[in-house]
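One structure is given here, and the rest of the page talks about it.
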Amino acid sequence: MKNKNLSMKNELKYKIEKMCIKARESANQLMTISTIKKNKALSIIADRIDLDSDKILHENAKDISKANNNNLSDAMLDRLMLNNDRIKDITNSIREITILSDPIGSEIKKWDRPNGLNISQIRVPLGVIGIIYESRPNVAADASALSLKSGNTIILRGGSESFYSSKAIVESIQTGLKKTDISPESVQMIDTIDRDAVGILLSMNKYIDLIIPRGGKSLIERVQKDSKIATLAHLDGLCHTYIDEDADEKMAINIAINAKMRRTGVCGATETLLCHRNLKNTVLCKVINGLMNAGCEIRGDDEVIKLNKNIQRASEKDWNTEYLDSIISIKLVSNVNEAIKHIEKYGSNHTDSIITENKDTAETFLKEVNSAIVLHNASTQYADGGEFGMGSEMGIATGKLHARGPVGLEQLTTYKYQIRGNGQVRP
């Protein structure tokens, strides 16, 4: 049995390495493809996904059935589920990417040296990207479209939850690419749920330039620990909304409820609501009623639990929890500085928002909260590349290198220096 398992693992390694070699070869070709040809290819892919929508929904139904049998949470089912509207959103996002400026070949800056050398800093593709994700099948389309437009090839490794949906989407993308000047091997998917595939992919540093993990904390930690390739991590979305004492009441209520309940399973959903103590008997009570009427479970600190008998006492663990569900923790604070300290202690550097009419307080929050996305008078649910005008996103990067926040076209590039001389030699 041991020898059989070793043989299967070696076979899988050979298969993945072969994919990586093809991806590298395709990357060398793709980096020279014109913007016009890339945009045409993306339009064809969008049309193909529209044509294949019934097939994709049929495969998605398999994933949903499996998820129900595995008792996946409602929030995770929402992430996984596709319908005609969501497929239309996918294809619209691809078409939006065709409208965006192509970063490849653009000049970042240019200068002349006293010795006559002319130096230009030019955007170029990263090369080959590997993305490891879990339950959201739309990632297959978003990641592929962004990679192609930015001149990168991609290898996808979707989770078992979205296996059939992702496979169907990638097949549609490859079918579309066959009608273009771009190799279908520019987009490939590892079509197995074997967990060894992740470890093998992370060892392919000879071929892959960047790994992007999207999923739960355990997946991110494993990738960061085991990868021999640079990673761009999409970590926890432990997002906060702070209602300041100078907040507009109607705005505060609308934003707080939307930030939690619009879609509870997305990474930009608010998980902890911080509220100025002076508003606990006014604005906060109305927010609590609105959240409860929307079906949200509330966990509060010692003062908050006195406001409603249905509020549970929050534990230390709650302040550290990304619920991804209809649950929120609420804490009272005395000022913006106390709110910032709470976010600094418990936040994940993802997305945090302040609601206030006081511009000085807002500026303090915007400057001092060290998150990838910081908002003033807007819902944390805007933490989305599409809402930033990027068409879509590879994820929200919460680190500080190489990109931060929504990862779109420009963030999937690096740069090189082109130096033009007229015979200079260094003395």
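I need the full set of residues from segment 341-374 which are farther than 12 Å from I243 by Cα and either assigned to a strand (DSSP E or B) or in contact (Cβ under 8 Å) with a residue 60 or more places away in the chain (or both), in order please. Walk me through it before giving the result.
At the first step, the residues of segment 341-374 found to be farther than 12 Å from I243 by Cα are 341-351, 359-360, 363-364, 366-374.
Residues satisfying the conditions are H342, I343, Y346, G347, S348, N349, H350, T351, I373, V374.
On the basis of being in the same structural domain as L72 (by TED's automatic domain parsing) and within 22 Å of the chain's Cα centre (by Cα), does H350 make the cut? If you could, list the steps in order and put the result at the bottom.
Values: in the same structural domain as L72 (by TED's automatic domain parsing): no; within 22 Å of the chain's Cα centre (by Cα): yes.
No: the conditions fail for H350.
The lone criterion from (1) outside the structural domain of D244 (by TED's automatic domain parsing); (2) in contact with a strand residue (DSSP E or B) (Cβ under 9 Å, 6 or more places away or on another chain); (3) over 30 Å from G130 (Cβ atoms) left unmet by V425 is number (2). Remark: pairs (first residue in segment 404-425, under 15 Å from R123 (Cα atoms); second residue modelled with pLDDT under 95 and in a strand (DSSP E or B); Cβ separation under 9 Å; 6+ apart in sequence or on different chains) = Q411/A397; Q411/G405. When segment 172-184 is filtered for residues that are assigned to a helix (DSSP H, G or I) and touching a residue at least 40 places away in the same chain (Cβ under 8 Å), the ones remaining, listed by number, are S172, I173, T175, G176, L177. For segment 77-87, does any single residue satisfy the condition of being over 19 Å from M394 (Cα atoms), exposed (fewer than 15 other Cβ atoms within 10 Å of the Cβ) and touching a Leu at 6+ places or on another chain (Cβ under 8 Å)? Scanning segment 77-87 turns up at least one residue that is over 19 Å from M394 (Cα atoms), exposed (fewer than 15 other Cβ atoms within 10 Å of the Cβ) and touching a Leu at 6+ places or on another chain (Cβ under 8 Å).
Filtering segment 113-161 to residues that are more than 30 Å from N69 (Cα to Cα), buried (at least 21 other Cβ atoms within 10 Å of the Cβ) and out of contact with any Ser or Thr (no Cβ under 9 Å at 6 or more places or on another chain) leaves nothing. For segment 24-51, the tally of residues that are of a type in the set (S, T, Y) and out of contact with any Lys or Arg (no Cβ under 9 Å at 6 or more places or on another chain) stands at 3.
Residues in segment 102-115 that are touching a residue at least 60 places away in the same chain (Cβ under 8 Å) and of a type outside the set (D, E, K, R): P103, I104, I108, N115.
Looking only at segment 28-87, which residues are β-branched (V, I, T), in a helix (DSSP H, G or I) and either farther than 25 Å from K178 by Cβ or in contact (Cβ under 8 Å) with a residue 40 or more places away in the chain (or both)? Steps first, please.
Residues of segment 28-87 β-branched (V, I, T): 32-33, 35-36, 44-45, 49, 56, 64, 87.
Going one step further and asking which of them are in a helix (DSSP H, G or I), we end up with 35-36, 44-45, 49, 56, 64, 87.
Selection gives T35, I44, I45, I49, I56, I64.
So that you can scan it fast, the table gives a plain yes or no per residue for (1) more than 19 Å from I21 (Cβ to Cβ); (2) surrounded by 19 or more Cβ atoms within 10 Å (Cβ to Cβ); (3) in contact with a Phe, Trp or Tyr (Cβ under 8 Å, 6 or more places away or on another chain); (4) not acidic (D, E):
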{"residue": "G176", "(1), (2), (3), (4)": "yes, yes, no, yes"}
{"residue": "K179", "(1), (2), (3), (4)": "yes, no, no, yes"}
{"residue": "V187", "(1), (2), (3), (4)": "no, yes, no, yes"}
{"residue": "I190", "(1), (2), (3), (4)": "no, yes, no, yes"}
{"residue": "A197", "(1), (2), (3), (4)": "no, yes, no, yes"}
{"residue": "K206", "(1), (2), (3), (4)": "no, no, no, yes"}
{"residue": "G215", "(1), (2), (3), (4)": "yes, yes, yes, yes"}
{"residue": "L219", "(1), (2), (3), (4)": "yes, no, no, yes"}
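Within the group V283, V374, which residue is β-branched (V, I, T) and closer than 17 Å to C239 by Cβ?
Numbers: V283 fails: closer than 17 Å to C239 by Cβ.
One residue alone meets the criteria, V374.
Residues in segment 266-303 that are touching a Lys or Arg at 6+ places or on another chain (Cβ under 7 Å) and either aliphatic (A, V, I, L, M) or at pLDDT below 95 (or both): A269, L274, L291.
Wholly within segment 209-307, which helices (runs of 4 or more DSSP H) include no fewer than the required count, namely at least 2 residues that are in contact (Cβ under 8 Å) with a residue 24 or more places away in the chain and not assigned by TED's automatic domain parsing to the domain that holds P125?
Working: elements: 217-226, 249-261, 283-293.
In segment 209-307, 249-261, 283-293 are the helices (runs of 4 or more DSSP H) which contain 2 or more residues that are in contact (Cβ under 8 Å) with a residue 24 or more places away in the chain and not assigned by TED's automatic domain parsing to the domain that holds P125.
The values are calculated or read from the model by the stated rules, or taken from the named source; none is laboratory data. Note that this is a predicted model, so its numbers are computed, not measured. As a convention, Cβ positions derive from the backbone with ideal geometry for all residues, glycine included, and neighbour counts pool all protein chains shown.
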